[in-house]
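K.L.:
Following this message is one structure expressed as structure tokens.
The values are calculated or read from the model by the stated rules, or taken from the named source; none is laboratory data. Note that this is a predicted model, so its numbers are computed, not measured. Ideal geometry is used to build each Cβ from the backbone, glycine not excepted, and the neighbour counts take in all protein chains shown. Heads up: the accessible areas ignore ligands, DNA and RNA and are worked out on the full protein's heavy atoms, side chains in. Shrake-Rupley method; radii C 1.70, N 1.55, O 1.52, S 1.80 Å.
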There are 2 protein chains.
Amino acid sequence: MPGTRMGRATVGLPRGAAVEAWSATAAQKEAEGPLGGYFDRVLSEDLMGEKTWEMAEARMSMETVRRCLEKARLQPDQVDALLGGDLINQLMVTNLAARDLGMPFLGLYNACATMAEALAAGAMLVEGGCMGRVVAAASSHFSSAERQYRAPLEMGGQRTPSSQWTVTGAGAMLLTAPDLMETKPAAYVRCVTLGRVVDLGVRDTTNMGAAMAPAAAETLQQHFTDTNRTPADYDLILTGDLGRVGLSLLHELMAERGMPLDPERTSDCGVRIFSEAQEVEAGGSGCGCSASVLCSEIMGLFAEKKLHRVALMATGALLNSISVFQGETIPSIAHLVVLEAE
Amino acid sequence: MPGTRMGRATVGLPRGAAVEAWSATAAQKEAEGPLGGYFDRVLSEDLMGEKTWEMAEARMSMETVRRCLEKARLQPDQVDALLGGDLINQLMVTNLAARDLGMPFLGLYNACATMAEALAAGAMLVEGGCMGRVVAAASSHFSSAERQYRAPLEMGGQRTPSSQWTVTGAGAMLLTAPDLMETKPAAYVRCVTLGRVVDLGVRDTTNMGAAMAPAAAETLQQHFTDTNRTPADYDLILTGDLGRVGLSLLHELMAERGMPLDPERTSDCGVRIFSEAQEVEAGGSGCGCSASVLCSEIMGLFAEKKLHRVALMATGALLNSISVFQGETIPSIAHLVVLEAE
């Protein structure tokens, strides 16, 4: 039977959802970072010739999905559904991208965990036989996010050392039922652990890493419990955008729980995408951070057979500007998907 | 094999997702309407003793899910996932409800089509075997929505005849794999047609019905094409919240397409929930509109064996305040789920 439940929150996918194609787009700043060579396309300027940042992000999202499908020589109407989201109120960006693409559309939102949410839901729909092909997609844009969540860019506010820099980037991944594949895929989604909302009372919106680390620890511990695996079973445990502060906290939390993580085999998309010299404080963030790192460097390493089993665990801070004004703490969530070469 | 694809956008669910339990909450105004007797709980006042409307809506959402689970004598940790959303930026309401419930959480957003989106995704996950039990949930609150999308309530702005009144209400439905059921359920989700984003250029934010009707017509026509069914195959075709203006347009559009709808067997949740005397102009709207009508009157009629096959098609207007300020037209979407007694 497809979709084997493994404990409380984990679903094993014995047939698996094949990663048929992937694509990532990023902006100049991201391209100047350590992963610059892996992006399919680099924006020449953040507005992409559009009148607003939101419209530019929508075009980036749409074009990234199209490029992903082109690699598989597919048209949008040959795919059963688009699952995805972004950070802008009411998923403005992905709504507009979905309008241009004309694909059946399920809008998803778990903040910066949205790419993992889309991969998890999409892979389970493929595994169960209800979908043959789905695209999981997520995007973020520094300028559209900064003015929505923080302050006008023109203000030039100072940044704290624990703050993170929203990645301008998008990633799209085509997940396909294995029986539809004509060639051997670089990887399969083999397992999914869904996260619960965790909130330990952090209120500092300039320290998302601290808010999200407990959710990451919770999901990772649940995953190990459900699967009887240990960190050593993974080539790489890759968190979404904890940044340097959150990743350090995750190491502490997992050590406390008796499941210490190997620093050599644990990393974070927000730490990987920028170099320290780029002055992004604790690292990158945004839905587009894990989406663009996964759909560039990580899938590239799978294609080169340098990675065999990766746990991608994207983390999301489920705050908004209203909840902050109302004095609420920051609820967070983390979803984990396991990618395997075989 | 579970999940039989039927044409372009439709998935038949031969095993089906059983509707094990449902619950709906509404406020005083909704309770004074024609469906007043069907709601499980009526709020004594809109703030529910909370400090803000958003916190009240979050409590309403959370308590509606709990009440739904209590009917099935289940605790939240016996359910595999919560799928749901609301209208507030970044799903603030459902995030907070999910925090209290502690269930694995997939946040969804397709505006007022969110309940149908959650039912569609949830039913497919159950059909495919990846989930045993899921809760689909959606909510809206007049006061939290009005100030976010329109203007401060205190302003007392005039309303146009085509405008709709956001329902203060929530609905939750527990979908269960048939082999886990001990009793015969009142209904099963038997078929799902996912919608695409449609935009015919409507810009009038006080006429959502006109913006959403083309999306409804598109999904309904696709459903009939995919399934070889006609409107006569349904006891009831129930749209989400087109209101009187949109429902009238849907009749016109379907007649033009050679698939006229029977007015006796076609209705709209936004039209049903308020009487004309309640001065809500074109009718009700909001994620909570279709969610609360489905999880009160409609499931009540299934339980009484007065309905046998219903197509619930919730419609969503995918605008936000930024897209309106930027002069964008209103993209819309409609998802359809078929509920059957057997």
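K.L.:
If you scan segment A:283-311, which residues turn out to be surrounded by fewer than 24 Cβ atoms within 10 Å (Cβ to Cβ) and either of a type in the set (D, E, K, R) or within 13 Å of the chain's Cα centre (by Cα) (or both)?
P.N.:
Matches in segment A:283-311: A:E297, A:E304, A:K305, A:K306, A:R309.
K.L.:
Got a number for residues in segment A:143-159 being of a type outside the set (D, E) and open to solvent by less than 50 Å² (accessible area, probe 1.4 Å)?
P.N.:
Qualifying residue count, segment A:143-159: 6.
K.L.:
Right, here's the next one. How many of the residues making up segment A:186-207 are among the β-branched types (V, I, T) and buried (at least 24 other Cβ atoms within 10 Å of the Cβ)?
P.N.:
Total satisfying the criteria: 4.
K.L.:
Restricting segment A:102-142 to residues that are more than 8 Å from chain B (Cβ to nearest Cβ) and open to solvent by 10 Å² or more (accessible area, probe 1.4 Å), which is farthest from B:N320 (Cα to Cα)?
P.N.:
Filtering segment A:102-142 for residues that are more than 8 Å from chain B (Cβ to nearest Cβ) and open to solvent by 10 Å² or more (accessible area, probe 1.4 Å), the one farthest from B:N320 (Cα to Cα) comes out as A:R133.
K.L.:
Separate question: Whether any residue in segment A:73-81 is facing another protein chain (nearest Cβ under 10 Å), open to solvent by less than 10 Å² (accessible area, probe 1.4 Å) and closer than 30 Å to B:P76 by Cα is what I want to check.
P.N.:
Within segment A:73-81, one or more residues are facing another protein chain (nearest Cβ under 10 Å), open to solvent by less than 10 Å² (accessible area, probe 1.4 Å) and closer than 30 Å to B:P76 by Cα.
K.L.:
Pick from segment B:214-257 the residues that are in contact (Cβ under 8 Å) with a residue 60 or more places away in the chain and among the aliphatic types (A, V, I, L, M): which of them is most open to solvent (accessible area, probe 1.4 Å)?
P.N.:
Checked segment B:214-257; the qualifying residue most open to solvent (accessible area, probe 1.4 Å) is B:V245.
K.L.:
For segment B:37-53, indicate whether the set of residues that are assigned to a strand (DSSP E or B) and open to solvent by 50 Å² or more (accessible area, probe 1.4 Å) is non-empty.
P.N.:
Among the residues of segment B:37-53, at least one is assigned to a strand (DSSP E or B) and open to solvent by 50 Å² or more (accessible area, probe 1.4 Å), which makes the answer yes.
K.L.:
Still on this structure, I have one more. From the residues in segment B:193-224 that are closer than 23 Å to B:G283 by Cα, of a type in the set (D, E, K, R) and not in a helix (DSSP H, G or I), which one is modelled with the highest pLDDT?
P.N.:
B:D199
K.L.:
The conditions are (1) touching a Gly at 6+ places or on another chain (Cβ under 8 Å); (2) within 14 Å of another protein chain (Cβ to nearest Cβ); (3) closer than 20 Å to B:S267 by Cα, and B:P178 fails exactly one of them. Which is it?
P.N.:
(3)
K.L.:
Return the total of residues in segment A:319-342 being in a strand (DSSP E or B) and more than 18 Å from the chain's Cα centre (by Cα).
P.N.:
Residues that pass the stated criteria total 0.
K.L.:
Oh, and also: Look at A:R272 and say whether it is in contact with a Gly (Cβ under 9 Å, 6 or more places away or on another chain), under 30 Å from A:K184 (Cβ atoms), surrounded by fewer than 24 Cβ atoms within 10 Å (Cβ to Cβ) and touching a residue at least 24 places away in the same chain (Cβ under 8 Å).
P.N.:
Taking the combined requirement at face value, the residue satisfies it.
K.L.:
Ok, one more. Quick one: would you say B:T176 is touching a strand residue (DSSP E or B) at 6+ places or on another chain (Cβ under 9 Å) and either of a type in the set (K, R) or under 18 Å from B:D80 (Cα atoms) (or both)?
P.N.:
Against the criterion (touching a strand residue (DSSP E or B) at 6+ places or on another chain (Cβ under 9 Å) and either of a type in the set (K, R) or under 18 Å from B:D80 (Cα atoms) (or both)), B:T176 qualifies.
K.L.:
From A:A97, A:A56, grab the single residue that is among the hydrophobic types (A, V, I, L, M, F, W, C), in contact (Cβ under 8 Å) with a residue 12 or more places away in the chain, over 23 Å from B:A120 (Cβ atoms) and open to solvent by less than 10 Å² (accessible area, probe 1.4 Å).
P.N.:
A:A56
K.L.:
Yes or no: A:E281 of a type in the set (D, E) and under 30 Å from A:L43 (Cβ atoms)?
P.N.:
Taking the combined requirement at face value, the residue satisfies it.
K.L.:
Here is a further query. Can you tell me which of (1) among the polar types (S, T, N, Q); (2) open to solvent by 10 Å² or more (accessible area, probe 1.4 Å); (3) more than 28 Å from B:Q278 (Cα to Cα) is the one B:S163 doesn't meet?
P.N.:
(3)
K.L.:
Pairs under 6 Å by beta carbon, first residue closer than 20 Å to B:L108 by Cα and at the interface with another protein chain (Cβ under 7 Å from one of its Cβ atoms) in segment B:314-335, partner open to solvent by 10 Å² or more (accessible area, probe 1.4 Å) and of a type in the set (D, E), six or more apart or different chains?
P.N.:
Once the first residue is closer than 20 Å to B:L108 by Cα and at the interface with another protein chain (Cβ under 7 Å from one of its Cβ atoms) and sits in segment B:314-335, its partners that are open to solvent by 10 Å² or more (accessible area, probe 1.4 Å) and of a type in the set (D, E) give B:P331/B:D199.
K.L.:
Restricted to segment B:1-36, and to residues that are within 10 Å of another protein chain (Cβ to nearest Cβ), more than 24 Å from B:T183 (Cβ to Cβ) and in contact (Cβ under 8 Å) with a residue 24 or more places away in the chain, which residue is surrounded by the fewest Cβ atoms within 10 Å (Cβ to Cβ)?
P.N.:
B:R8
K.L.:
Inspect all residues belonging to segment B:211-225 and state whether any of them is over 22 Å from B:E117 (Cβ atoms), under 20 Å from the mean Cα position of the chain (by Cα) and away from chain A (no Cβ under 14 Å).
P.N.:
Within segment B:211-225, none of the residues are over 22 Å from B:E117 (Cβ atoms), under 20 Å from the mean Cα position of the chain (by Cα) and away from chain A (no Cβ under 14 Å).
K.L.:
A further question follows. Would you check if there is a residue in segment A:175-185 being within 30 Å of A:E70 (Cα to Cα), hydroxyl-bearing (S, T, Y) and surrounded by fewer than 17 Cβ atoms within 10 Å (Cβ to Cβ)?
P.N.:
yes
K.L.:
Hey, another quick one. May I ask you to verify whether A:E154 is over 27 Å from A:K71 (Cβ atoms), touching a Pro at 6+ places or on another chain (Cβ under 9 Å), more than 7 Å from every other protein chain (Cβ to nearest Cβ) and modelled with pLDDT under 95?
P.N.:
Criteria not met by A:E154.
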